[in-house]
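A.B. asks: Structure provided below as structure tokens; questions to follow.
The values are calculated or read from the model by the stated rules, or taken from the named source; none is laboratory data. On a predicted model such as this, the values are computed, not experimentally measured, just so you know. With ideal geometry, Cβ positions are generated from the backbone for all residues, glycine too; neighbour counts draw on all protein chains shown. Quick note on the areas: whole protein, heavy atoms, side chains included, nothing else; ligands and nucleic acids left out. Shrake-Rupley method; radii C 1.70, N 1.55, O 1.52, S 1.80 Å.
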Amino acid sequence: MRNYEVTFIVDPTLSNDEIKSAAKKYVDMIKKDGKIIHIDEMGSRQLAYPIKRRNTGIYYSVEFEVDNGVIIDPMELAMRRDEALLRFLTVKLDKYGVKYNEDKRAGKIGKVVKKKKKVEEDNSHQRRKKKKKKKPAQPPQQQGQKQQAAPAKAASPKEAPAKKEEAPKKDAPANDAGTPPTS
Amino acid sequence: MATREVIKFLSNPNIGGQRAKYCRFRKFGIKHIDYKDPDFLEQFVNDQGKLLPRRITGNSLKYQRRVATAVKRARHLALLPYVTDLLK
């Protein structure tokens, strides 16, 4: 048994009943020989480019399990002949694809979660950057308006004097000890 | 006297440094790339809808191939455009 997934776009100018019957036709065809796992009605979507002069389409995605794709050829033939369909795509799912769809149905993967992950990553970098920039930027303004340079530049002078104060101190005891290493 | 410790702080060491690229699929354990998710695939495509090269996305070869097939499938299903301007 293998898992497949067929996605097709139904003509949106048809009536609701016609759209449903068009989808049901293929679902029934699959049901004869295989087992339907899930029917995903993705609904009406804007097409990225016009197909048959249509700008929207009604998307269906059916996941099913069949013995070595017996029904796929006749199904695709019927789809090719069907005027009601704008596009179709049949894909074999590997074990990760099956698991992905399961997780998606369980709500583990949903678009929101995925986006959040990505957005968090991206934002985390941005936030870090912002924090770094903001922290140095604010104190100089409080101290005085002498330095209105870029925050990155403001950061280095602010830290440098602090180190300068430390540096001579370190040098001084070294000289006092009477062992000047390199100067 | 500019000691080595002072010089260290005169230039920001983070400026000009490149962040290491990584394959996000390997890093986060994403095994399957969904061709029905155009929002996700848009990250691997430039403004004209062309696939971005690996040297920019940082994908490993294995997942770059899968991204490419997923984008091509999405294009076939009119989820992504074949050619455009100002996709993003």
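A.B. asks: Which entries in the list A:Lys104/B:Lys72; A:Lys24/A:Lys99; A:Lys32/A:Lys52; B:Lys36/B:Lys62 go over 28 Å, if you measure between the two C-alpha atoms of each?
C.D. replies: Checking Cα-Cα distances, A:Lys32/A:Lys52 exceed 28 Å.
A.B. asks: Follow-up question, since we're still on this one. Could you go through segment A:79-87 in sequence order and give the Karplus-derived ³J(HN,Hα) for each residue, using 6.51 cos²θ - 1.76 cosθ + 1.60 with θ = phi - 60°, rounded to whole Hz, and x for Gly and Pro?
C.D. replies: 5, 5, 7, 7, 6, 6, 9, 8, 8
A.B. asks: Taking R0 as 22 Å, what's the FRET efficiency between B:Leu87 and B:Arg26 from their Cβ-Cβ distance, rounded to 0.05?
C.D. replies: Efficiency, rounded to the nearest 0.05: 0.25.
A.B. asks: So how much accessible surface do B and A hide from each other in total, probe 1.4 Å, in square angstrom to the nearest 100?
C.D. replies: Interface area, both chains combined: 3100 Å², rounded to the nearest 100.
A.B. asks: For segment A:2-106, what is the Kirkwood hydrodynamic radius in Å, using each pair of distinct C-alpha atoms?
C.D. replies: Evaluated on segment A:2-106, it is 14.2 Å.
A.B. asks: Right, something else. Along Cα→Cβ, 7 Å out, is where each label goes; now give me the distance between the ones at A:Ile51 and A:Leu14 in nm to one decimal.
C.D. replies: Each label point is offset 7 Å from its Cα along the Cβ direction, giving 1.3 nm.
A.B. asks: Now, a different point. Tell me, what is the percent relative contact order of segment A:2-106, built from C-alpha pairs under 8 Å that lie six or more residues apart?
C.D. replies: 43
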